[in-house]
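A quick write-up on the structure given underneath.
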Amino acid sequence: MEKINEKVLLEKGSPKTNKLEQIKTLNLSRLALKHQDLPVRLLSRLQSLERWDLSGNRLQELPKNLELPALRYLDLSDNQMEDVTTLESLSGLEELKMEDNLYITVSDNYKLMVLLPNLRIYNGKDVSTTANHLRFVYSENLRTRITALWEKSFQLPDPITAEKMSTLETKFVQTARQQVKFGPSSVSDFTKWRVESMAKEYLFSLTEPKQKPESRESTDTTENCDVSPTTKRKETASVMDTNTRLTPCKKLRTDLPASSVEDSPRKSSLRLKPQTLIQTNTNRMSPRKTGQPPSTPTRGPVRAETPRRASKVRQTKDDEAQMKQEKNSKATDLQRDADMLPKIKSCSKTQPVHLKPLHVLQCHSKRDSSEDFSTQLWACAFPSLPDSTGAGGGCRLVATCGGDSVCVIDCETGMVMKKYKVPGEEFFSLAWSTVLMSRGGGAPAQHCTILAAGGKRGLVKLIHPRNNVAYGEFRASRKSLSVLRFNHNQGNFLFTGSYDNKIVMWDIGGVDSQYNFKVVQLLVLEISATPLHICLPPTSPSSHLLTACEDGLHCYNTQLGTNNTTKRSKEMEITFPIYKKEDKDHDYHTIDGLSFLTDDIVASKNYMHGSIYLWSWSRTKAQRPDKKSKSVCAVVLAELQWANTEIPYLALNTCPGQAYIVCGDDKGRLWTYHVTNLEKNCFQTGKPIQPTKVLEWPAPVRQGLSQVEGPSINSVAMDPELHFLVALSDKNMVIVWKREESS
């Protein structure tokens, strides 16, 4: 039986009537419809239809030549749309929804604005300015270039015959697609599509100047999809200043061109002198906008009673009082260890460092606005090794991500060396690695340092910063990515954690001189909750994986070749003494900080605990009595006093070479711990170790305006020698601290 017939249309339409011609509103959502289920002849009778809901179906395209002259509103969200050119016949559309269509690109969004001349509202936002720019300014620029190409290289045949005109059209259109360049490379597919149709129209106008040319827009071609980031352009000449989403191309490409980037030398960076921040009301408002669609995962809630990250609850308890509290004996609650606890040998001779604030930057601002205090910054990282150029600048460069951009910053100068922007994206995580680049011609392969970044859209962007190239992307999940981590012993192995409660291990391979690459999925780990951090034991990164999740800390076996299945469940769960103090108001299972300090010692933080645990990986693992036991209590070596706060996802980090642990709090402060020697029974004393130093929020201000109160520090990173410490805030500020050399 047909899914859509006259009876169904009358039942689903309104007002209630017995004539299709009188229906004004039609709801055909969530019926598992495909485009062949929509009969054109029957639907064409809906001559009065104004609003049509087709959301939640399986449509890849609409039937061609479907004419509904009264249709003003169409909802195609949550489908599988690929070919947007099939909407061309719905020329009266004024409002269109296309959210949650995984294969719709920015180029597709722009095609719609050209194909639908009356379109004003797209995905709930007014796109009139962008649409008019595309329809007139952008098109006129292309027309000028197409005309110049014709006058320079082509002429009409003499005599004019159908065969000669067909050959001429093919050659002219092909040449125009290749040579007419305009706008950023990230919308090159749209540009080529627009050039093709305009070139045909121009040629038609030369032979039939008095006739109106037919609209012969070409359909999308996947080989022209471009995953490179966008180039920032001035607003007067840009088609990129739009809120439409960049979604993945249909299939993985290997012919990815080099992308242009933004070399923004601190255009909107904040200074520590009285000239920097504008005090706005957003300083006291929730950092992330609450108007995001429900389908977009947010970095919270942790539990039902945990507030979203976007609506953080400010600290209600006093940290100074906390320093004097919770010092009751913990000996009865602990896993004891009678042995002398190890010295951190590689760090035993280091001294505490002195750090001073150097730069405060706003390089992730929306539209370069210095008044943007809503963009949250989520992850930062230094390359683990110096730059392969040998220039020694590797330890000065840090990568940061937040909002729709990834930045590479020179910590010494505060200059933003590279900036990669993806409209519609929200980056949550990034990671550095080194892969082999083959050069061809018998030349030996060379190592190149790459950067991977991912977030809301579930895509991993692969970037080669040295050559200024975003060379590819691949889909790691249909849900948002929460964390990325490379295997430090095998740089082409990448782990991605996502909001569908999975960690996937990928082999991204190397690249050739043309940036061709191939991605292979190796392993899927089934997680019980959203993974927040991934750690690979330094001595066995190919055997085990630790993941900090919203429901605890889990260990997985990642050894390849030892298990026939590519899907694996957890090997064991590591529990902590604080779990015994849980009640209906306190759930300490969320692990929102995790990092190795040495080959064996792990630093971890339990949300709402107010302390950081240092524990032994090897001794904890050895405690597992048999493989049937899934739970083992961490062998805690020490407890570090930290802030008393109810703000989740304030991640800690470690600098093994300098024996440092750093974690920010929700007042802009950095708690630093220089751990060189763990004495026997230091944990059993029940007295948490005090921080070596708490670095106060530098409180940048702008001249004549009040200073900005301390934001939450979402993430921190240190270079291997701790020359620089970088902290990211939830108010769009990158804070760079520099080590002061002792005299």
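Of the residues in the stretch 423-472, how many are part of a loop (DSSP other than H, G, I, E, B) and under 14 Å from the mean Cα position of the chain (by Cα)?
7
Out of everything in the stretch 102-152 that is of a type in the set (S, T, N, Q) and in contact with a Leu (Cβ under 7 Å, 6 or more places away or on another chain), what residue ends up being farthest from Ala176 (Cα to Cα)?
Restricting to residues being of a type in the set (S, T, N, Q) and in contact with a Leu (Cβ under 7 Å, 6 or more places away or on another chain), the top hit is Asn118.
Determine which member of the set Thr167, Thr144 is among the hydroxyl-bearing types (Ser, Thr, Tyr) and over 41 Å from the mean Cα position of the chain (by Cα).
Testing whether each residue is among the hydroxyl-bearing types (Ser, Thr, Tyr) and over 41 Å from the mean Cα position of the chain (by Cα) leaves just Thr167.
Which of the residues belonging to the stretch 703-720 are at pLDDT below 90 and either over 27 Å from Ile647 (Cα atoms) or basic (Lys, Arg) (or both)?
Residues satisfying the conditions are Gln703, Gly704, Leu705.
So, in the stretch 54-88, how many residues would count as being open to solvent by 40 Å² or more (accessible area, probe 1.4 Å) and either over 30 Å from the mean Cα position of the chain (by Cα) or aromatic (Phe, Trp, Tyr) (or both)?
6
Looking only at helices (runs of 4 or more DSSP H) that lie completely in the stretch 99-206, which have at least 2 residues being open to solvent by less than 10 Å² (accessible area, probe 1.4 Å)?
It comes to 106-115, 139-153, 162-179.
Which one is surrounded by the most Cβ atoms within 10 Å (Cβ to Cβ) among residues in the stretch 657-677 that are on the phi < 0 side of the Ramachandran plot and either of a type in the set (Asp, Glu) or assigned to a loop (DSSP other than H, G, I, E, B) (or both)?
Asp666
Considering only residues that are in a loop (DSSP other than H, G, I, E, B) and polar (S, T, N, Q), look in the stretch 482-525 and name the one that is surrounded by the most Cβ atoms within 10 Å (Cβ to Cβ).
Residue satisfying both the conditions and the ranking: Asn492.
The values are calculated or read from the model by the stated rules, or taken from the named source; none is laboratory data. Since the structure is predicted, the reported quantities are computational estimates derived from the model, not experimental observations. Neighbour counts run over all protein chains shown; Cβ positions are idealised from the backbone, glycine included. Keep in mind that these areas ignore ligands, DNA and RNA; they rest on the heavy atoms of the full protein, side chains included. Shrake-Rupley method; radii C 1.70, N 1.55, O 1.52, S 1.80 Å.
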